[in-house]
Amino acid sequence: MTRQRIRKLILLISLILFPITLYYFSPYLIINAALEGIINGSFIVFAAMLIGSLLFGRLFCSYLCPAGALQDCISVIKDTAPKQGWKNYVKYVIWLIWIAAVILCYINNGEIVRVDFFYQTEYGISVSNIYGYIIYYGIVLLIMIPSLVGGKRTFCHYFCWMAPFMVVGTKTRKLLHLPGLHIAAKSENCVSCNQCSKVCPMCLDVAKMVQRGGVYSSECIQCGACVDNCQQNALAYKMGKQA
């Protein structure tokens, strides 16, 4: 359980730092920068998410994402499981439209002028004045409301514009048979206690996936809660090629 305490502590720190890091996750600023031919902080961060996911999957979501941290806090109030299904694909529609807009903006500008990681921040700080806090609290509400209405990590499931980068990276790794971090399972050890599913912050049916030999879901954020709460050692982190 020490790993989960460390994970939650890191998430809490990421949430505290959110006023500083907000613009580095901004889907709007990357478009603004693209119109000027600038590669900004959010461009670099999103690219890092994509590249990092080739090796680590959606580990960012479970350890570093301030939006995930905020939703985990909300789950203390609303811990119901959001419905899985077609709504999970809404984020991909949002992402595709947004990515197309970013590409068109760069094409329209015609060239990359410069790289500016701190674009439109003040000394690297995102929220530095009263107007910045208006944007900040608006984003916080945007993340909070779906989880308050739909349950645990609803924003992650339905609306997150960052998750598709990591899903694409993870699926690319599997397609190319590249080694990477994943959660493997020994179905013969499972006693069907369902504890793994109960502790999953993404409300996945982990117990069902265990019977298939591993946690293979694009919604899995590699948090390891199922691994650390399995008394039968039926689940384990593995670094290598997925079966």
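The values are calculated or read from the model by the stated rules, or taken from the named source; none is laboratory data. No experiment lies behind these values; they were computed from the predicted model shown. Note: ideal-geometry Cβ built from the backbone for every residue, glycine included; neighbour counts use all protein chains shown.
Some observations on this one:
- Some residue of segment 21-32 being exposed (fewer than 15 other Cβ atoms within 10 Å of the Cβ) and in a helix (DSSP H, G or I): yes
- Of the residues making up segment 162-189, those that are within 13 Å of GLY214 (Cα to Cα) and of a type in the set (S, T, N, Q) number 2.
- Residue match in segment 205-227 (condition: without any contact (Cβ under 8 Å) to a residue 12 or more places away in the chain and farther than 24 Å from THR2 by Cβ): yes
- Members of segment 130-155 found to be in contact with an Asp or Glu (Cβ under 8 Å, 6 or more places away or on another chain) and either loosely packed, with under 14 Cβ neighbours inside 10 Å or closer than 21 Å to ALA48 by Cβ (or both), listed by number: none
- Failed item in (1) closer than 28 Å to VAL227 by Cβ; (2) modelled with pLDDT of 95 or more; (3) crowded, with 19+ Cβ neighbours inside 10 Å, with PRO82 passing the rest: (2)
- Screening segment 89-161 for helices (runs of 4 or more DSSP H) wholly inside it with 1 or more residues that are charged (D, E, K, R) and either within 29 Å of MET202 (Cα to Cα) or in contact (Cβ under 8 Å) with a residue 40 or more places away in the chain (or both) returns the ranges 90-109.
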